[in-house]
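Trainee: Starting off with a structure, shown below.
Read-outs: derived from the displayed coordinates by stated rules, not from any lab. This structure is a prediction, so every number in the text was calculated from the model and none was measured. Counting neighbours? That spans all protein chains shown, and the Cβs are built from the backbone with ideal geometry, glycine included.
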């Protein structure tokens, strides 16, 4: 069989002399090379040995073979593999070009190589190593099933100094057990007291090596429970609970109960075994603990965590933890409302019940989408995630027709009115900090500008499309988006303040709050108010209030007259070269103009729905349907479209050269995104996916 290997997103093949240029490019990136073992500069002469692999079609029986990682035909990284003299032991490593970090490509490719080594080539032991400072590489080795073995002190000479090495390994049998372990949510999670009779059930639990600085192991915790610490002059009252998942020991937690020196229970320790992580077990265990503590008359639970890569910060904040602002013994303090924490056993942000199963229809969905793309001339990208599994991640058509550049999953697409969701979240975050309020009158910041806007219009009215202000771009009056021309020259709309002439002179349609009418002007006004209240330009606000906190690396406003090479051109029709450059503002504002990727939008939904972007009250307010929209068979919240009878929420964009939908369904744990780069490209695909979700 041999190489290449194919994964969901990647191809792993033998690296050849034709790859020397790209290998030198990423190896000479100082950030890529920072903790790697090659010397700089890395020259083509040093890479010339790759010519010896030009005739290979498989790994060498012994010694080193350099493998290339390809993404959509582009060489993005490497996996060196070394087999010992017997051919039955092998080591693996990985390096990636910096622009492809953080997307799981190294793990995906290395996992495929390890499986090939074990299952096809009969390798009995696989090893890997990393610089102890390279936490990302250690976490990647852990993710593919290797286990920390030892630290080698001053084990190799690296750029003039003797340096330590962290060693990982796994036998073939242990690796198969890791690969085949359950990964979905268990049917049952329970917690039970730990005492001398059952403590051995939990003694073998262990975290990944990179997590050990965040939590003490079971034996230390059990010792602390037997000989508790002194706190403020009084001895703590520890309560130790084992966590079982479908009857198997999966973790433990320990809290300090109320005492004369502890007014509120303190979550002291929590550990989920590395084999059980990522299945929602910790969340469900904490919800059960919250129920117990509520029954004992408590209302709050406090704790603290160590900051750092791979630490528990995101986990706790995702459960609704509120930071107190205190630093205790170098740890960040936080607290839970126990009623909120208990609700995580069944709420929209929890994974307490088994998710909607990945059905046979789901597994065949990719083929159905392929057929629909060919039939409808779809050009764009589709991504569907369900129950923690990415079931579709596919690109079609051309990003640049004139130069035959194909769309990929990294291509950035205009999202048109999908921008309104980002605008709403930005404004709501300013509200959380007291810079704005839902009842802030627009007039207080507009001052003498836009005199036709009713003085009673508030931020809340604008967010909910209930302001009644005149619209500069009334979509209900536009029959054909591809022939519409704006009333002001589009090249003059370069900043939000530049929109004032276009917004001015549009008479009020109805009294504020009277009814719902979708309104583009309202969201430009929101951007204007946000700028004036914060003193920051709106694109900077989107970056600082949404993209950076959510970890969105490919989402931003772009000028229509200087699109970067990563962005898809928007075309007016299914065929032809006419683009939307003359139909849209040269620089968008609160109602449109952002470019993004399916990966960023999937991450946005994750971060929004677990409470990382907004606190529980404002998130609930954004999701609450504020209006019925019968003409479109939907409801509307604050910047979010809502289903008439389910919990689904989505963003939607429809403009010249742009069509998109990104939807999240908390009940089925599904996120689906369709991004198209011609005017009506996305809608057949959106209907197909909606029908599939309804089935």
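Trainee: If one computes P(r) from the Cα atoms of region 367-694, what percent of pairs lie at distances over 38 Å?
Mentor: 9
Trainee: Counting each DSSP H run of 4 or more residues in the chain as -39500 (n - 2.57), what helix-only mean residue ellipticity at 222 nm follows after dividing by all residues, to the nearest 500 deg cm²/dmol?
Mentor: Rounded to the nearest 500, it is -7000 deg cm²/dmol.
Trainee: Can you bin region 189-343 into rounded, prolate or oblate? Criterion: square roots of the alpha carbon gyration tensor eigenvalues sorted a ≥ b ≥ c, rounded for a/c under 1.5, prolate for a/b above b/c, oblate for the rest.
Mentor: It comes out rounded by the Cα gyration axes.
Trainee: Please compute the modelled spin-label separation between residue 690 and residue 573, points set 7 Å along Cα→Cβ, answer in nm with one decimal.
Mentor: 2.7
Trainee: What's the exposure ranking of 587, 643, going from fewest to most Cβ atoms within 10 Å?
Mentor: 643, 587
Trainee: Taking a ≥ b ≥ c as the square roots of the Cα gyration tensor eigenvalues, with a/c under 1.5 meaning rounded and otherwise prolate when a/b beats b/c, else oblate, which class fits region 442-589?
Mentor: Note, shape of region 442-589 comes out oblate.
Trainee: So if we plug the beta-carbon distance of residue 368 and residue 444 into 1/(1 + (r/R0)^6) with R0 = 41 Å, what FRET efficiency do we get, rounded to 0.05?
Mentor: It comes out at approximately 0.20.
Trainee: If r is the Cβ-Cβ distance from residue 198 to residue 257 and R0 is 22 Å, what FRET efficiency results, to the nearest 0.05?
Mentor: According to the calculation, E is roughly 0.65.
Trainee: Does the chain classify as rounded, prolate or oblate by the C-alpha gyration tensor (a ≥ b ≥ c root eigenvalues; a/c under 1.5 gives rounded; else a/b over b/c gives prolate, otherwise oblate)?
Mentor: In terms of gyration-tensor shape, oblate.
Trainee: May I pose another question? Given R₀ = 56 Å, what would the calculated FRET efficiency be for residue 497 paired with residue 7, taking r from the Cβ atoms and rounding to 0.05?
Mentor: 0.70
Trainee: Using Cβ counts within 10 Å as a stand-in for footprinting exposure, how do 344, 82 rank, fewest first?
Mentor: Result, fewest neighbours first: 82, 344.
Trainee: How do 243, 569 line up, fewest other C-beta atoms within 10 Å first?
Mentor: Starting with the residue having the fewest Cβ neighbours, the order is 569, 243.
Trainee: Can you pull the one-decimal nm distance between simple spin-label points at residue 25 and residue 89, each 7 Å off the Cα toward Cβ?
Mentor: 3.8
Trainee: Between residue 82 and residue 57, how many nm apart are label points set 7 Å from Cα along the C-beta direction?
Mentor: 2.9
Trainee: For residue 48 and residue 667, compute 0.36 nm times the residue count separating them, minus their Cα-Cα distance, and round to one decimal in nm.
Mentor: 217.4 nm
Trainee: Another one. If packing is taken as the average count of other Cβ atoms within 10 Å, what order do 279-290, 100-111, 324-335 fall into, highest mean first?
Mentor: In descending order of packing, they fall as 279-290, 100-111, 324-335.
Trainee: Oh, and also: In whole percent, what relative contact order does region 641-695 give with Cα contacts below 8 Å and a gap of six or more residues?
Mentor: Here the relative contact order equals 26 percent.
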